[in-house]
Amino acid sequence: MIGYVVAIILIAFIFDFSNGFHDSANAIATIVGTRVLSPLAAVIWSALFNFAAAFTGSLAVAKAIGGGMVDQSIVTPTVILGALLGAIIWNIITWYFGIPSSSSHALIGGYAGSAVAAAGFKAITWGPTWWRTLSFIVISPVVGLAAGFTLMVVVYWLFRRKSPGKVDRTFRPAQLFSSALLSYSHGTNDAQKTMGIIVGLLVAVHPHFANQTGWLHELYLPTNDTIPHWVALGAYSAIALGTLFGGWRIVHTMGSRITRLRPVGGFCSDTGGAAAILIATHFGIPVSTTHTITGSIVGVGATRRLSAVRWGVAGRIVWAWVLTIPASALLAAIMFAILHQIVPAGF
């Protein structure tokens, strides 16, 4: 059992790496698309602020995932492993096709699908965490769109007498700040979801570690009221490393295919998206960075004219949002069924 649990924790960090790899485009696409930073410099910049989020902020999102979505009494290591594998498979599929889907919702869907495969729909603890998560599939891109649109209108008014060249020179360095803020907000929300999954695992198996000594005793966690420091540092390190390696297929979609961006547009979309994510994180709501920043980019593009937004591309992205939770849930349920035949009873 102990080796099995340790292996699952490592797989959780692999998922977190894939989250950073997959979602790095959200944080760097605009700053690369506007040519403020080179791709290499952009991923280093983003990874730095992903990791910086480990040292500030609340842990409300991690606690919501760890104890507010699935009945803890049915959680086993195999349920957790099925959830992680389903989410990782969906991340790989969407990365391969360059679709900016939500790693967050892939993990949530995977957790639900694996739990339902184990114990039926009674495994889901329907309540505030679920309703807020599902409602923010719609709310977060709308808030991002409104924030991006509003910021862009304000900037247009403030700089209406400035030449386009001068506006660009002003907002090129400003975009460094906005990209850093978006990367920071991404870390505060997304890394916590993996932390919540690991906490759920440790609480489920805590009797096996009660009498362990040395480093194994660090795996003893009887309740989900606290988050061990090693879990937080591991999750933030993994997501930062994933960001460092980048998801280049998705950068192109986010940075140039939805709408053409200049530095001022990149600044407004990043700042608007980051503000929406930080507000959700404060209230412990697991939101999708992908949904929020896409909405913000659309809002910025719409300030020029509605035709400036490639609505066909945006529509395909929305379909990916709709499909992510059920698709990852199905994949996780399949993985749980396979693992249930392989792994000994009680695991």
Tell me, yes or no, whether region 270-282 has at least one residue that is assigned to a loop (DSSP other than H, G, I, E, B), under 20 Å from His22 (Cα atoms) and either modelled with pLDDT under 55 or touching a helix residue (DSSP H, G or I) at 6+ places or on another chain (Cβ under 8 Å) (or both).
no
Any residue at all in region 310-330 that's over 21 Å from His22 (Cα atoms), touching a Phe, Trp or Tyr at 6+ places or on another chain (Cβ under 9 Å) and at pLDDT below 85?
no
Only one residue in Ser140, Ser178 is among the hydroxyl-bearing types (Ser, Thr, Tyr), surrounded by 20 or more Cβ atoms within 10 Å (Cβ to Cβ), within 30 Å of Phe13 (Cα to Cα) and more than 16 Å from the chain's Cα centre (by Cα), so which one is that?
Ser178
Cβ pairs under 8 Å, 6+ apart, first in region 1-23 and among the basic types (Lys, Arg), second surrounded by fewer than 22 Cβ atoms within 10 Å (Cβ to Cβ)
none
Which pairs turn up if I take residues in region 133-159 that are modelled with pLDDT of 85 or more and look for partners that are not in a helix (DSSP H, G or I) with beta carbon separation below 7 Å, at least 6 apart in sequence or on another chain?
Phe149/Thr303; Met152/Thr303; Val153/Thr303
From the residues in region 91-103 that are out of contact with any His (no Cβ under 9 Å at 6 or more places or on another chain) and not in a loop (DSSP other than H, G, I, E, B), which one is farthest from Ala12 (Cα to Cα)?
Tyr96
Thr150 vs (1) surrounded by 21 or more Cβ atoms within 10 Å (Cβ to Cβ); (2) among the polar types (S, T, N, Q); (3) more than 24 Å from Ala232 (Cβ to Cβ): all pass except (1)
Does Ser58 satisfy being touching an Asp or Glu at 6+ places or on another chain (Cβ under 7 Å), polar (S, T, N, Q) and at pLDDT below 85?
no
Against the condition part of a loop (DSSP other than H, G, I, E, B), under 19 Å from Val75 (Cβ atoms) and not β-branched (Val, Ile, Thr), how does Trp130 come out, does it pass?
no
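Do the conditions hold for Ala52, that is, is it surrounded by fewer than 19 Cβ atoms within 10 Å (Cβ to Cβ), in contact with a Gly (Cβ under 9 Å, 6 or more places away or on another chain) and part of a helix (DSSP H, G or I)?
Details: surrounded by fewer than 19 Cβ atoms within 10 Å (Cβ to Cβ): yes; in contact with a Gly (Cβ under 9 Å, 6 or more places away or on another chain): yes; part of a helix (DSSP H, G or I): yes.
Judged against the criteria, Ala52 is a match.
The values are calculated or read from the model by the stated rules, or taken from the named source; none is laboratory data. It should be emphasised that the depicted structure is a prediction, and the values quoted were computed from it without experimental measurement. Using ideal geometry, Cβ is built from the backbone for each residue, glycine included, and neighbour counts are taken over all protein chains shown.
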